[in-house]
Structure formats: C-alpha cells, structure tokens
Amino acid sequence: MKKKLVIGVLEKDSTNRFVYNRMVKFHPGEMDAYIFESCAEGTEKVQEINPDILFVDLHMQCDHMRGNDWLKDIKVALPHTRFVAMTALIRKDDREAALSAGFDTCVEKPLLLHDMELLQKQLSGN
C-alpha cells in the first residue's frame with residue numbers, strides 16, 4: 001500500500017489556500033494536507049505533522065523575516081522534509097534566491113495536483 005503523502009502549506013493568500021484545500025478533497029486517500037496562513041501558526045504545527053513536503057510562500061513575512069529566512073530555522077527541526085518555495089510568478093532571481101536559501105526547488109502557485117505528482121517524483125528521485 002502506497003504511503004499517504006503529508007504536505008504542509010504556508011500560504012497567506014486565501015484564494016490559493018482554497019485551491020489547495022479543494023485539491024485534497026478531490027483526491028482523498030492520496031495525501032494529508034495541512035494549510036496554514038501564517039508563520040506563527042505554521043512554525044509550531046509543521047513540527048507536529050512532520051511533513052514530507054513543505055510549501056512556503058517565498059515572499060511571506062514570518063515574524064519580521066521573509067520565508068527564506070524562516071526556512072533556515074525550521075530546516076533544523078525537520079531534517080527529512082523537502083522544502084518548496086512558491087511564488088505567483090517565478091523570476092530567475094526568485095529561483096536563485098530560493099535555492100541559495102536552502103529550498104529544494106521553487107514553483108509557481110497555485111500548484112495543481114498533476115504538478116504535485118510530478119514534483120513528488122522529482123523530489124523523491126523517481
């Protein structure tokens with residue numbers, strides 16, 4: 001039996017949070033998704049859920065720091081989690097900033113389920 005994917009999403013935009021919630025509802029049994037609208041909420045909760053993949057809005061403000069700075073702190077607590085930066089429109093410097101900050105990759109949001117499946121394969125090396 002295939003292991004259910006556990007994902008965490010830190011997303012400030014309510015429309016994008018809605019898209020991720022719908023994606024999970026239409027594909028029950030494939031993944032458990034935990035969606036947080038702030039770093040304050042997410043910081044505590046992501047350590048409890050220990051996600052396989054954590055999506056972070058690249059430009060989210062986290063306790064007076066950007067998402068990429070917050071990442072440095074949370075990666076210590078989640079050494080096996082793959083971290084994906086999200087941004088509405090990827091520019092070359094966004095991707096470079098995300099990778100240099102320690103993200104595994106950077107994607108445009110909202111991420112569709114098909115893209116999620118491809119990303120999961122890419123991150124797992126399959």
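Has the range 25-38 got any residue that is farther than 21 Å from Gln120 by Cα, surrounded by 13 or more Cβ atoms within 10 Å (Cβ to Cβ), at pLDDT 80 or above and of a type in the set (Asp, Glu)?
The answer is yes; a qualifying residue exists.
Output the number of residues of the range 55-83 satisfying the condition of being modelled with pLDDT of 90 or more and under 12 Å from Leu10 (Cα atoms).
The total comes to 1.
How many residues does the range 85-102 contain that are within 19 Å of Cys39 (Cβ to Cβ) and either small (Gly, Ala, Ser) or modelled with pLDDT of 90 or more (or both)?
Residues that pass the stated criteria total 6.
Would you check which residues across the range 16-58 are assigned to a helix (DSSP H, G or I) and either of a type in the set (D, E, K, R) or within 14 Å of Glu117 (Cα to Cα) (or both) and list them?
Of everything in the range 16-58, those that are assigned to a helix (DSSP H, G or I) and either of a type in the set (D, E, K, R) or within 14 Å of Glu117 (Cα to Cα) (or both) turn out to be Arg17, Tyr20, Arg22, Met23, Val24, Lys25, Glu41, Glu44, Lys45, Glu48.
The values are calculated or read from the model by the stated rules, or taken from the named source; none is laboratory data. Please read all numbers here as calculations on a predicted model, not as lab measurements. Ideal geometry is used to build each Cβ from the backbone, glycine not excepted, and the neighbour counts take in all protein chains shown.
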